[in-house]
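Trainee: Have a look at this one before I ask anything.
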Amino acid sequence: MVIARSLRALDWLNFFVANVQTGFGPFIASYLAANKWTQGEIGLMLSVGTISAMASQLPAGALVDAMRNKKFAALSAIIAIIVSALLLAASPTFVPVFAAEVLHGFASCMLVPAMAAISLALVSRADLGDRLGRNARWASIGSALTAALMGAFGEYLSLRSVFFLTAALAVPAIFALRMIHYDAPPVVPRAPPGKPKLTPEGEERESLRDLLKDRRLLIFAACVVLFHLSNAAMLNLAAGEVTAHMGDNVQLVIAACIIVPQFIVAALSPWVGRQAQKWGRRPVLILGFCALPVRAIFFAGVSSPYLLVPVQMLDGISAAVFGVMLPLIAADVAGGRGHYNLTIGFFGLAAGVGATLSTAAAGFAADRFGTAMSFFGLAGAGALAVLMVWLAMPETRTAHGVVEGEAKPSV
């Protein structure tokens, strides 16, 4: 009964955390532009947030690994995000906005592994894929509904009200977190002098050097870089084309391109988690990654702006697969030897590197060779990602075979 109630609370935690994170998307750029910031200043400040997030991935993951109470880690991150939202609402000047971007970058990098660790503490290793699918479903529903709500607040009240709403939506997230209960991990046995440190299960904790030598970690990180190299700039490039060639209803088309894939993610994510447990990780990864080059090629050939929405539905397939598989493969790689949250941070860093390269390269290619050629370049990166998964990525599900009674990865 306690576990069932905790799992329902985890559903709502994912829902409300997604609500909160939605406020730090495109609304910041609109808010700053409305307060007379130049595009260059806005771009610089958004880059501060991106750099902060990338720099925080590994330290935040290591910090969550070191914290015995994962709920406290999540609570600390949520409170930091509330402070970030209130700083933005208080004053759209350089110092508060800079502080908010830096604080939000670190808090987000801490919140993601903390929630994954809580999920792992509540379910068995065999049920982790299904649980991560449910997490992604509730997060997608929260993102889609909140984007519409925040858009209404920004339109009919003020852009500043979006950030007050963001802070307010964090309160039910805290209540949901308080309703989650699970057995605390055992006290880590003290290792004899000169011996390796142990996990809470009494197993030898893998050193960071050994973790970084793991072939599965390095290959999947390379796959993550290629995935985001192909994916990150795609919608931005398409939105720029729509804005340049379409007069009325442009904002509605762009909003639909953001919201519709979220419902695809909500529908597919539990299925992705279940199939990853049945089929293994590689077949599901290939399915999700194949949607990338197909989507880029369609974008290159689409002439009607209204066709962008059905093409963007393919993003829902990729997002559902990637959102479930990243923490799941991190659990496979970490095994029972510790560093689960650090592994998630490592993959998050790889995602940030790929996304940063994607926006820069796609913008340069579009200026030099045209938008269609830029889309073909993104399609090429997506095809390379598929090939890397197909030819180089090992199957991680069997690397630490899940059998009944097996110890869960140390969280």
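Every number in this text was worked out from the coordinates using simple rules, so none of it is lab data. Small disclaimer: the values here were computed from a predicted structure and weren't measured. Ideal geometry is used to build each Cβ from the backbone, glycine not excepted, and the neighbour counts take in all protein chains shown.
Trainee: Apply the Karplus curve 6.51 cos²θ - 1.76 cosθ + 1.60, θ = phi - 60°, to the phi angles in the stretch 142-158 and return the couplings in whole Hz, x for Gly and Pro.
Mentor: x, 5, 5, 5, 6, 4, 5, 5, 5, x, 5, 4, x, 6, 9, 10, 6
Trainee: Quick check: Cα centre of the stretch 125-171 to Cα centre of the stretch 356-386, how many Å?
Mentor: First find each Cα centre; the distance between them is then 30 Å.
Trainee: Now for a different question. In what order do GLU101, GLU41 fall by count of nearby beta-carbon atoms within 10 Å, going from fewest to most?
Mentor: Numbers: GLU101 23, GLU41 14.
With the sparsest Cβ surroundings first, the list reads GLU41, GLU101.
Trainee: Can you work out ³J(HN,Hα) from phi for every residue in the stretch 262-275, in order, using Karplus 6.51 cos²θ - 1.76 cosθ + 1.60 and θ = phi - 60°, giving whole Hz and x for Gly and Pro?
Mentor: Taking θ as phi minus 60°, the curve returns 5, 6, 5, 4, 4, 6, 8, 4, x, 4, 4, x, 5, 5 Hz for the stretch 262-275.
Trainee: Could you give the distance between the Cα centres of the stretch 254-275 and the stretch 288-321, to the whole Å?
Mentor: 13 Å
Trainee: Apply the Karplus curve 6.51 cos²θ - 1.76 cosθ + 1.60, θ = phi - 60°, to the phi angles in the stretch 307-318 and return the couplings in whole Hz, x for Gly and Pro.
Mentor: 7, 5, 5, x, 5, 5, 4, 4, 5, x, 5, 4
Trainee: Could you give the length gained by full extension between ARG274 and ALA392, i.e. 0.36 nm per residue of separation minus their alpha carbon distance, to one decimal place? Before the final figure, lay out each step's value.
Mentor: Numbers: separation 118, 0.36 × 118 = 42.48 nm, distance 2.35 nm.
Once the chain is fully extended between ARG274 and ALA392, it gains 40.1 nm.
Trainee: Within 10 Å of each residue's Cβ, count the other Cβ atoms and sort MET54, MET115 from fewest upward. The partial results should precede the final answer.
Mentor: Working: MET54 19, MET115 25.
Ascending Cβ contact count within 10 Å gives the list MET54, MET115.
Trainee: Please arrange PHE289, PHE375, PHE24 by how many other C-beta atoms lie within 10 Å of their C-beta, fewest to most.
Mentor: Fewest-to-most ranking of PHE289, PHE375, PHE24: PHE24, PHE375, PHE289.
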